[in-house]
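In what follows, a structure is listed as structure tokens, so that the remarks can point back to it.
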Amino acid sequence: MSLAPNYTANRAWQEKSQQAARDRALAKPRQREKQLKPSSSLKRCATLSRRTKDRSKEERQYSKKRLVFLEKHPHCVRCWDQGRKCAATEVHHKAGREGVFLLIVALWLPTCRKCHVWITANGNAAIELGYSLSRHDRWRYLNPESEGE
Ligand SMILES: [Zn+2]
């Protein structure tokens, strides 16, 4: 069994794929733009809209509103539920931050860092305890008239 021809072939293949990788790297930025335009998924839309002027305006509004909110609600809800008094430093969005949900104060919860991390990491338990809305409840919140869907 001779290794040489294989080695040469392998080497040629390696060089070829390295060239291809370089080509891909050069082509990447344009491909990315193309991919983003016709997107229909919610997540992509949120990512896209975050770059728009409207979204940055909303983000600025949010950073102001959240300070007022935390002044009015100084205690972490989850710690409070567990009998502890703990300063809230973060705002949890019961329905996430995507789209209109970012600024709906009724769906905000004051939390400490630790509880916010817990809520984010334990999605189902957080829904059961009322710290987060299920996908269905999120939809219902935006479409209150549609019953039984
Ligand atoms: Zn807490």
*Spot the failing condition for R78; the list is (1) modelled with pLDDT of 75 or more; (2) closer than 22 Å to D137 by Cα; (3) not in a helix (DSSP H, G or I), and only one is missed.*
(3)
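Here's a check for you: in segment 37-69, which residue that is exposed (fewer than 13 other Cβ atoms within 10 Å of the Cβ) and of a type in the set (A, V, I, L, M) is modelled with the lowest pLDDT?
Result: L42.
Do we have E98 as touching a Pro at 6+ places or on another chain (Cβ under 8 Å), surrounded by 13 or more Cβ atoms within 10 Å (Cβ to Cβ) and not aromatic (F, W, Y) here?
Numbers: touching a Pro at 6+ places or on another chain (Cβ under 8 Å): no; surrounded by 13 or more Cβ atoms within 10 Å (Cβ to Cβ): yes; not aromatic (F, W, Y): yes.
For E98, the condition - touching a Pro at 6+ places or on another chain (Cβ under 8 Å), surrounded by 13 or more Cβ atoms within 10 Å (Cβ to Cβ) and not aromatic (F, W, Y) - is not met.
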*Do any residues in segment 104-115 that are on the phi < 0 side of the Ramachandran plot and touching a residue at least 40 places away in the same chain (Cβ under 8 Å) have Cβ atoms under 9 Å from those of residues that are surrounded by fewer than 21 Cβ atoms within 10 Å (Cβ to Cβ) and among the hydroxyl-bearing types (S, T, Y), where the two are at least six apart or on different chains, and which pairs are they?*
P110/T89
*Taking into account only those residues within segment 102-140 that are within 24 Å of Q61 (Cβ to Cβ) and among the small types (G, A, S), which is nearest to the ligand (Cβ to nearest atom)?*
S132
_Subset of segment 101-128 [surrounded by fewer than 18 Cβ atoms within 10 Å (Cβ to Cβ) and aromatic (F, W, Y)]_ = W118
*Kindly check whether there is at least one residue in segment 120-136 that is in a strand (DSSP E or B) and touching a residue at least 24 places away in the same chain (Cβ under 8 Å).*
no
_Selected residue (criterion: surrounded by the most Cβ atoms within 10 Å (Cβ to Cβ)) from residues of segment 70-94 that are within 13 Å of the ligand (Cβ to nearest atom) and either among the acidic types (D, E) or not assigned by TED's automatic domain parsing to the domain that holds A121 (or both)_ = E90
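The values are calculated or read from the model by the stated rules, or taken from the named source; none is laboratory data. Source: prediction; values computed, not measured. Because the Cβ atoms are built from the backbone with ideal geometry, glycine has one as well, and the counts that use them run over all protein chains shown.
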